[in-house]
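Okay, so here's the structure we're looking at.
The values are calculated or read from the model by the stated rules, or taken from the named source; none is laboratory data. Note that the structure is a prediction, hence the values are computed from the model and not measured. Because the Cβ atoms are built from the backbone with ideal geometry, glycine has one as well, and the counts that use them run over all protein chains shown. Only protein heavy atoms, including side chains, enter the accessible area calculation; ligands, DNA and RNA are left aside. Shrake-Rupley method; radii C 1.70, N 1.55, O 1.52, S 1.80 Å.
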Amino acid sequence: MPTVDVSPDELRRLTGHDEKDDEELKDDMFALGLEYEGETEEGDMQLEFAPDRLDRLSIEGVARSLRYQYGDDGGIYTPKPNDADWIIEVDESVPEERPYVTGAIARGVNLSEEALDSLIQLQEKLHATMGRKRAKGAIGIHDLTMLKGSSATEEGGNSIRYVGVEPEGDRFVPLDSDAEMTPEEVLRAHPTGEKYADLVSEYERYPAIYDDIGLFSFPPVINGRRTEVETDSRDLFIELTGTDQWTIDKMCTIICYALDARGATIEEVEVEYDDHTLVRPDLEVTTKAVTHDRIETLLGIEFTPDEVLDLLARSGLSGEASEEDDSVVYDVEIPPYRVDVLHPVDIVDDIGRAYGFNDLSPRYPDVGTVGGRHERSQLEDATREVLVGLGFEDLLNFHMISEEENFERMRVEPETDVVGGGSPATIKNPYSEDYTMLRTWALPSLLMVLENNTHRAYPQDISEIGLAAGVDASENTGVAEHRTVAGVLARHDASYEDAKARLQAIARNFDTDLETPPTEHPTFISGRAADVVIDGETVGVIGEIHPEVLVGHDLELPVAGFEFRLDALE
């Protein structure tokens with residue numbers, strides 16, 4: 001978990017509570033979900049925090065949350081930015097791997113040593129978390145007085161340019177250096193450049209930001225020394241580049257709130273793309289609805305609407321109550337720095353924290369219950385027992401997979417009606433290219449196991465009962481999940497008849513009617529595949545695996561297999 005270094009004296013000053021001793025501060029921060037982990041050599045508190053509250057990556061964010069908790073502040077606060085005087089022009093030469101940029105200006109910042117240290121810490125913590133070690137988003141903060149903007153319009157204004165440059169392009173003096181370097185030389189000879197070289201080294205052109213003087217920022221690697229921020233800097237230019245506009249916009253907003261807490265006046269920046277213009281920072285307030293009944297059900301406490309509104313205000317939110325169908329509904333406004341509020345449950349969590357989870361009284365449920373296995377679990381166990389009895393070895397595979405394994409290597413096209421087709425639930429920001437989506441069926445997982453076990457003796461009869469999923473707009477989560485049963489027979493004489501015999505045995509054990517009318521499926525050999533129809537409903541497919549699929553998985557023996565929905569056996 002990330003940790004943040006916080007000076008207790010500075011925290012008392014920012015909250016306005018000099019009477020709080022260190023132990024009281026620790027207790028108050030623990031109520032917010034910030035755990036004390038020890039002290040630095042300088043006497044700062046090291047706090048571990050949940051990575052969802054990125055607005056608390058700085059002492060300013062922690063102080064803001066405490067002031068809400070103390071009741072000193074309430075509701076939403078949004079800075080009122082001045083109109084834009086600076087423009088970031090996005091050139092068509094910008095590398096397609098890093099196409100997005102955003103920014104803001106902070107004027108009149110009071111940068112003490114403590115404030116500068118906090119800003120640097122916030123920058124690096126955002127890099128490590130939301131910015132994915134600068135790969136997804138990187139921040140550059142510059143002394144605005146050292147920039148010279150080109151004339152942007154006839155009415156005036158200042159313009160800088162986000163462009164792509166040749167590796168051996170213009171020279172500049174990077175931070176912590178006295179020598180001019182090209183971007184390529186920075187990656188080879190500068191310690192920071194060496195550290196982050198892998199982020200851009202494969203690009204044909206490198207990202208760069210220019211003013212009228214020349215190159216002053218080489219994102220996501222390093223800033224130029226000319227615009228270095230020091231304690232006497234009063235006006236700051238903030239620029240962020242990355243692979244996702246939403247991410248860098250939110251990172252920028254969090255920085256703007258931290259600087260606003262230091263007395264800065266925020267000023268807008270226009271970002272001019274080829275086909276549209278953005279005005280940043282993005283300080284838009286969003287709204288989510290939550291019902292009174294849901295709040296009381298989840299927290300187990302009875303509230304009046306006024307109490308809920310007060311707790312929302314003490315969470316840094318604003319709410320308005322209305323009646324719908326004999327139920328009170330709250331329209332809750334969420335400040336722009338909150339990147340963690342994705343669902344009404346997140347609002348209920350804020351209400352619970354404002355009330356105080358330590359003040360909740362445990363109580364017994366008002367209904368008598370007896371523990372036992374869920375019906376679905378009982379069905380899984382019974383099906384698994386039958387499969388093992390038929391000679392299958394039971395497996396437990398990952399539910400995540402790649403598009404290549406799920407579709408391409410199985411000869412299946414997404415968005416089709418065949419078993420394994422459909423609309424996949426993909427991961428927006430996958431950690432690994434091997435796990436980019438939830439699998440739509442289990443047979444690819446079994447084929448991958450066979451591929452990894454070609455050195456083992458045959459026959460190999462394996463099966464799995466696991467999760468499969470697909471996008472479904474009618475579901476509350478947007479994704480429909482189901483349990484699936486899959487099995488394969490890998491042996492020199494594996495055939496459709498072998499697979500069907502085992503499928504018939506499963507159907508008999510659960511007293512269901514099985515039919516297998518012929519069908520066509522790209523994973524199976526034409527004329528050697530059939531639909532699995534149980535009690536009149538088509539629930540799966542069975543057949544002999546196509547030679548192209550076998551060759552693609554380095555399998556030299558025939559393989560027959562089947563897959564069907566578990567709930568068909570109920």
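Under the simplified labelling scheme, the E481-E375 pair shows an inter-label distance of 1.9 nm, with each label point 7 Å from Cα along Cα→Cβ.
For region 486-556, GluC sites (Glu not before Pro) meeting the loop criterion (DSSP other than H, G, I, E, B) and having at most 15 other Cβ atoms within 10 Å: E520, E556.
Label separation (D21 vs D176): 4.1 nm, computed from points 7 Å beyond Cα along the C-beta direction. Computed from backbone phi, the HN-Hα couplings of region 202-212 come to 8, 6, 6, 10, 9, x, 7, 10, 10, 10, 6 Hz, rounded to whole numbers (Karplus: 6.51 cos²θ - 1.76 cosθ + 1.60, θ = phi - 60°; Gly and Pro given as x). Per atom type, the chain shows carbon and sulfur on 44% of its accessible surface, probed at 1.4 Å. When Rg and the Kirkwood radius Rh are both evaluated on Cα atoms of region 332-477, their ratio Rg/Rh stands at 1.10. If the segment from E333 to E537 were pulled out straight at 0.36 nm per residue, it would be longer than the present Cα-Cα gap by 68.8 nm. The separation of region 498-570 from region 271-325, counted between C-alpha centres, amounts to 50 Å. Long hydrophobic helices in the chain, taken as whole DSSP H segments with a C-alpha length of 15 Å or more on their own axis and mean Kyte-Doolittle hydropathy at least 1.6, are absent. Only protein heavy atoms count here; on that basis, with a 1.4 Å probe, D52 has an accessible area of about 80 Å².
For the chain, the solvent-accessible area with a 1.4 angstrom probe is 48 square angstrom per residue. The calculated FRET efficiency for E302 paired with T416, based on their beta-carbon distance and R0 = 56 Å, is about 0.60. Heavy-atom accessible area with a 1.4 Å probe sorts T369, T440, largest first, into T369, T440.
A probe of 1.4 angstrom, applied to the heavy atoms of all protein chains, finds Y77 with accessible area near 110 square angstrom. Against the criterion of solvent-accessible heavy-atom surface with a 1.4 angstrom probe, M448, M146 sort, most first, into M146, M448. Between D274 and I120, the modelled labels are 4.0 nm apart [label points 7 Å from Cα along Cα→Cβ]. Qualifying trypsin sites (Lys or Arg not before Pro) in region 145-198, where qualification requires a DSSP coil assignment and no more than 16 other C-beta atoms within 10 Å, comprise K148, R171. Given R0 = 41 Å, the distance between the Cβ atoms of S201 and R456 translates into a calculated FRET efficiency of 0.50.
With the whole protein complex present, Y458 retains an accessible surface near 80 Å², based on a 1.4 Å probe. Sites listed here are GluC sites (Glu not before Pro) in region 1-67 whose DSSP assignment is loop and whose Cβ has at most 11 other Cβ atoms within 10 Å: E19, E41, E42. Normalised radius of gyration (Cα atoms, divided by 2.2 N^0.38 Å) for the chain: 1.21.
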